[in-house]
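What follows is a short report on a single structure.
None of the figures in this text is laboratory data; all of them are computed from the coordinates on show. Remember, it's a predicted structure, so these values are computed and weren't measured experimentally. Cβ placement follows ideal geometry from the backbone for every residue including glycine, while neighbour counts extend to all protein chains displayed.
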Amino acid sequence: MQNKLIKIANDTNLFLKNFIKKQKKTELISAMKYGLFPGGKKIRSKILLDIGSLFKIDYKILITIGAAVECIHAYSLIHDDLPCMDNDKLRRGKPSTHIKFSESTAVLAGNSLLTMAFEILTSIKLNISEQTKVNLIKELSECSGHLGIAGGQYLDLSFEKKKISKKKIIDMEVKKTGKLFSFCCMAPAIIKNKNQKQIRFFENIGAEIGLLFQIADDLIDFKGSSSIAGKKTGKDKKKGKATLISLLGYKNVIKYSDKIKSKIIRDLKKFGPNSKNISETLNYILTRKK
Ligand code: GRG
């Protein structure tokens, strides 16, 4: 699994470096690159490739779409660390972008990575039809805005130091973290021109994977080591974050996440032997230390 992630990271980073190289140089590029590279685990791209393997979609197409997703992900991390959001000084084992540069530069570099994601999806070299590109852009913009990541982040911040129900915590986590995973699961079905029912099936699988991923992230914050995670741990309790751990307790959350994992694996089995790829990724997600 680790080797697969390294290959995905190398291929994605190479694509992004070449993409940026072809653009005119600006003062924001170094802050954008700082937020993007070395660039994290690339777990969203792995999910995209796993679901893509169920539909036998070309690797290069998936790496390109994954690169767009990683730009939005990097943007969300840059903004998440800002003093007006979670105020974190360490990310991916190095000073957060606003610490290294400045707050205004971090805001603008983040915004530029968001728009670059859509630029990537329109690129002529991405070998899918124009209509498919439009469909992907529509879904990705919905997943990123107030119905998705930005809306989820709003809820996350507004839930601090309050008693929040399980349903509301799940809704917040599915928006904040799950929506980008939903896009990764929907994209292959969109490329294959599947009907709305099938696309929504994959959207839901992505939401469940995202929830699982967020639970694992919360477990790392709860029990993990800061030096291994590359970011400060033990923050959620201090900030009074509404998480499933704070509501249900550690043991119940582990049971709950195992149940979600089994359901996802059961639901994807009908797609044939390549569904083993997603099982491998889910096991990684739940055992990861960073
Ligand atoms: C609209 C994109 C957008 C952003 C503005 C700041 C914000 C609103 C949203 C924050 C969303 C956020 C940070 C969710 C947490 C998701 C999460 C668990 C991130 C950690 O992902 P990893 O572990 O990171 O995949 P690496 O470093 O491995 O890439």
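Given contacts defined as C-alpha pairs under 8 Å and at least six residues apart, what's the relative contact order of the stretch 176-243, whole-number percent? Walk me through the numbers before you get to the answer.
Working: 64 pairs, mean separation 20.0, N = 68.
Relative contact order for the stretch 176-243 comes out at 29 percent.
Averaging sequence separations of C-alpha pairs under 8 Å and six or more residues apart, then dividing by the length of the chain, give the relative contact order as a whole percent. Before the final figure, lay out the partial values.
Working: 374 pairs, mean separation 55.4, N = 290.
With pairs under 8 Å counted, the relative contact order is 19 percent.
Determine the sum of side-chain charges near LEU82: Lys and Arg each +1, Asp and Glu each -1, restricted to other residues whose C-beta is under 12 angstrom from that of LEU82.
-3
Regarding the chain, what whole-number volume in Å³ per residue does the convex hull of its Cα atoms give? Don't jump to the answer; show the numbers that get you there.
Values: hull volume 34.0 nm³, N = 290.
Spelled out: Cα convex hull of the chain, divided by residues, is 117 Å³.
For every other residue with a beta carbon closer than 9 angstrom to the beta carbon of LEU247, add +1 if it is Lys or Arg and -1 if Asp or Glu, then tell me the sum.
Working: positive: LYS163, LYS166; negative: none.
Charge balance in the 9 Å sphere: +2.
Would you look at the GNM of the chain, springs on alpha carbons closer than 10 Å, and say which of MET32, MET85, MET116 moves the most?
MET85
Rounded to the nearest 0.05, what FRET efficiency do ASN111 and ASP171 have when you use their Cβ-Cβ distance and R0 = 30 Å? Please list the in-between numbers first.
Working: r = 26 Å, r/R0 = 0.87.
It comes to 0.70.
If we count GluC sites (Glu not before Pro) as exposed when they sit in a DSSP loop and have at most 14 other beta carbons within 10 Å, what is the longest stretch of the chain that avoids them all? Write down the numbers at each step before the final one.
Values: sites that count: GLU27, GLU160.
Maximal segment without exposed cleavage sites: 28-159.
Can you tell me which of LEU16, LEU155, LEU247 moves the most in a GNM of the chain? Springs connect C-alpha atoms under 10 Å apart.
With Cα springs under 10 Å in the chain, the top fluctuation among LEU16, LEU155, LEU247 is at LEU247.
Please give me, ordered by residue number, the trypsin sites (Lys or Arg not before Pro) of the stretch 22-129 that lie in loop per DSSP and have at most 11 other Cβ atoms within 10 Å.
Working: sites: LYS22, LYS24, LYS25, LYS33, LYS41, LYS42, ARG44, LYS46, LYS56, LYS60, LYS89, ARG91, ARG92, LYS100, LYS125; in loops: LYS22, LYS24, LYS25, LYS41, LYS42, LYS56, LYS89, ARG92, LYS125.
Of the trypsin sites (Lys or Arg not before Pro), the ones in loops of the stretch 22-129 whose Cβ has at most 11 other Cβ atoms within 10 Å are LYS22, LYS24, LYS25, LYS56, LYS125.
So what's the Cα pair-distance distribution over the stretch 114-202, bin width 5 Å, in %?
Spelled out bin by bin, the stretch 114-202 gives 3, 14, 21, 20, 16, 11, 7, 5, 2, 1 percent.
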